[in-house]
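Read-outs: derived from the displayed coordinates by stated rules, not from any lab. This one's a predicted model, so the numbers in the text were calculated from it and none came from an experiment. Glycine gets a Cβ as well: all are built from the backbone with ideal geometry, and neighbour counts include every protein chain shown.
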Amino acid sequence: MNGDERILLIQGGRIVDPGRVIDRVGDILISGGRIVKVGDPVISGSSSETPSNVQCLDATGLVVCPGFVDLHCHLRDPGFEHKETIATGTAAAAKGGFTTVCCMGNTEPPLDTPAAVDWVKQKASTEALVMVLPIGCITRRREGRELTDMDGLARAGVVAFSDDGDPVADPQIMHAAMTCSHGLGLPIIDHCEDKTLSGRGVINEGPVSTATGLVGVPPAAEEVMVDRDLTLARLTGARIHIAHVSTRGSVELIRRAREEGIPVTCEVTPHHLTLTEDRIWGDGKDKRLDTNARVNPPLRTRADLEALIGGLKDGVIDAIATDHAPHTAADKDCEFELAAPGMSGFETALGCLMTLVHRGEMSLGVLISRLTHDPARVIGRGGELGTLRTGAPANVVILDPEREWIVDSRSFASRGRNTPYDGWRFKGKVMATIVDGRTAYMDDALAHRAVHKEDIV
């Protein structure tokens, strides 16, 4: 993804860059794929002062911030291209404001060898609209029995290790993985689930599981594994990142671990911040449960949701990650307990998260920080990603926090149309996504504001 040599000038937007504590109206000048200037208006008078070969974007009334960094997504490529490809997945990511995505290794073949990682990187170099950073597997074939060549995967360019989709059940294997990852300076992204407790569960254990007769997953299935791996992190000194935290008990375990100085970070998904277990009832138009609300870990209670929002606000939870999990219609058009877990998350992430801002439950600055600067730091890319620092790659998102729109899964760029938000009205929309100085996505309404030097001289 080489930077476009055309100069881009984003004018008059509200610039929000949490990592540098910037929140002000100004301009951003981009050239050669990098940020050249941020701040006061670049053009003070006539259009003759405009540099040659420049595209001007009027961002008046809009928010301009660093591109979003997603620590957790499933691009399904290779092996499950009927669900998603690198091309379609990154097009969806661009529509959602993500300029960098970290793809999980539960593909076929899995990302458990340097050759598999190289394949993804090569395909991404020619097909991806955004930056793709691979996450290598912890164990061979994600079977939890034998460590991968973690050193070889690190040299191949993975940014972390994870068997996401399956936990590493054997504590000796996880201890060895943490010891190795610590030496390599890369984090473990931990899918915390004790399958002896979750069993055949498909929704949260509680009144809704009782009412439906579906097998429930107790919060302890997550919390027991969180506690175990925090203990191992204390023992090894390894950096551990807890994926898709879903319970208030997990939030408190992580809070106490951070107070102890254990090197732990964690993430929460947009759906665990905005939906509860009641969403499986669907829209009430028919008696069928909404399989699009089946996710792993399951949607939890209102008390859990409020604890997750609180943890996000006070910094116990570092990042918002989509866990984008596209599936085919057949994967979801079945009985609830047979449906594949997961939802397509890139294109609805900002819209549903902005409901928290408009309700006053979270500031815009905190939301942007947890989507940009903070996740970039988790993978050690804080000076490069999630920032509008002069000289940094020009990864920029333009948002309209007041723009209302209706989710229509038929218009998704993703092959996965599996979303429980279909038909919902959101307030807050991505208007443009710029990756390495080139436009990866632009809403028609903003495109009408764009002019070139030759149009204005």
Exercise. What is the local net charge at residue 333, summed over the other residues whose Cβ is closer than 13 Å to its Cβ (Lys, Arg +1; Asp, Glu -1)?
Worked result: +1
Exercise. How would you order 129-137, 363-371 from highest to lowest mean count of nearby Cβ atoms within 10 Å?
Worked result: 129-137, 363-371
Problem set entry | Above-threshold pairs, the threshold being 25 Å between Cα atoms, out of 313/427; 37/427; 83/123; 95/427 | 37/427
Problem set entry | Kirkwood Rh and Cα Rg combined as Rg over Rh, evaluated for region 276-326 | 1.06
Exercise. At q = 0.11, 0.14, 0.18 Å⁻¹, what is the log10 ratio I(q)/I(0) for region 367-457, with the Debye formula run over Cα points and no solvent?
Worked result: -0.45, -0.72, -1.05
Seminar exercise, completed: On each of the three principal axes the extent of the alpha-carbon atoms of the chain, given in whole Å and largest first, is 70, 54, 42
Seminar exercise, completed: Of 249-257, 392-400, ordering from highest average Cβ density within 10 Å down gives 392-400, 249-257
Exercise. Ranked highest first by the average count of other Cβ atoms within 10 Å around their residues, in what order do 306-316, 377-387 fall?
Worked result: 377-387, 306-316
Exercise. For region 343-379 and region 263-280, what is the separation of their Cα centres, given in Å?
Worked result: 12 Å
Exercise. With axes computed from alpha carbons, what is the tilt in degrees of helix 171-184 against the longest principal axis of the chain, rounded to the nearest 10 within 0 to 90?
Worked result: 30 degrees
For this session: Determine the gain in length on full extension of the stretch residue 211-residue 108; use 0.36 nm per residue of separation and subtract their C-alpha separation, reporting nm with one decimal.
Result: 33.3 nm
